[in-house]
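Heads up, the thing below is written out as structure tokens.
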Amino acid sequence: MIQWFPGHMTKARKLILENMRLVDAVLELVDARIPISSRNPLLEEWAGSKPRLLMMTKADLAEPAMTNGWLRYYAASGTAAIAVSFLDKNAKNEKKRILENIRAQTAPILKKRGSRGIVNTSVRAMVIGIPNVGKSTWINFFAGREKTETADKPGVTRGKQWIRLEKDLELLDMPGILWPKIEDPETGLKLAVTGAVGEGAYDAPELARWLLDWLRTRRPGRLEARYGVDEDLAGPELLEAISRKRGFLRKGGLTESEKGAVMILDEFRGGKLGLITLDE
């Protein structure tokens with residue numbers, strides 16, 4: 001069972017609760033490859049009745065048909081959701097679309113203020129998401145310049161920071177946070193595979209074997225096309241075959257499965273195994 005809730009996340013949870021009263025709305029970022037597994041179950045309680053917009057990031061790594069299906073699912077459940085890609089060449093239109101959705105969710109707030117004679121037209125929104133979901137990358141993409149530090153690993157943003165993106169929009173960027181206990185074992189595996197948990201929380205070969213078994217049964221042909229291996233092999237044998245194909249060998253011809261596993265996970269996260277959505 002994969003669990004990862006280091007000390008800084010306890011501080012992050014306290015920070016979120018303390019600052020929730022300062023914002024008008026919440027932008028919840030989830031990974032489009034795991035749009036259910038990457039939702040923090042505690043956010044419902046934290047956000048209360050504040051308007052929320054669900055942003056499915058990394059849509060460029062997910063299967064378009066699956067993403068559209070999830071958008072229909074959320075729309076049917078009354079959840080405002082959009083899919084975004086920070087690699088979109090048409091960045092200007094992407095930014096406009098995001099901003100329009102944020103304003104649509106916060107319009108009732110401004111209307112209520114106006115009815116009370118309050119002329120403040122600026123909206124404050126808290127940005128929340130699991131680690132490595134792309135919060136900092138999104139803010140930099142939207143702002144057009146590097147406002148926050150980014151890295152392809154969890155835990156880069158450790159404190160809060162206010163960022164003004166537009167004259168009427170101010171964001172409170174919070175550290176990436178999971179929840180104290182991941183109840184579903186498969187959810188933990190999906191979070192680990194997509195890079196949301198620290199490397200010390202899982203065994204790379206074990207995680208890679210799970211991913212290989214998932215791919216050969218759910219997306220047949222991907223592994224054969226990428227690595228030229230027989231997909232009828234079971235997880236351990238498949239990992240060894242791929243490691244051998246890629247030349248991860250020690251003296252005596254022994255396979256270095258650890259290096260092969262890290263390579264497979266990196267290639268999955270980088271989209272080299274094709275567009276994949278794990279939450280079906």
How are the alpha carbon pair distances in segment 7-173 distributed across 5 Å bins from zero to the largest one, expressed in percent? 1, 8, 17, 23, 22, 16, 9, 3, 1, 0
What order do you get for 6-18, 180-192 when each peptide is scored by the mean count of other beta carbon atoms within 10 Å, highest first? 180-192, 6-18
Using Cβ counts within 10 Å as a stand-in for footprinting exposure, how do 279, 230, 173, 168 rank, fewest first? 230, 168, 279, 173
Normalising by the residue count of the chain, find the relative contact order in percent from Cα pairs under 8 Å and 6+ residues apart. 22 percent
Of 248, 142, 86, the one that fluctuates the most in a GNM where the chain has Cα springs shorter than 10 Å: 248
Quick one: compute the contact order of segment 7-173, relative version, from alpha carbon pairs under 8 angstrom and 6+ residues apart, as a percent. 25 percent
What are the residues whose amide H is under 5 Å from the amide H of residue 81, where those residues sit 5 or more places off or on another chain and H is modelled from the backbone? 54
Amide H neighbours of residue 123 under 5 Å, at least 5 residues apart or on other chains, H built in the peptide plane: list them. 169, 170
For peptides 266-276, 204-214, sequence by mean Cβ density within 10 Å, most packed first: 204-214, 266-276
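All of the numbers you see were taken from the coordinates with simple rules; none came from a lab. Quick caveat, the model's predicted, so the values are computed rather than measured. Every residue, glycine among them, receives a Cβ derived from its backbone with ideal geometry; neighbour counts consider all protein chains shown.
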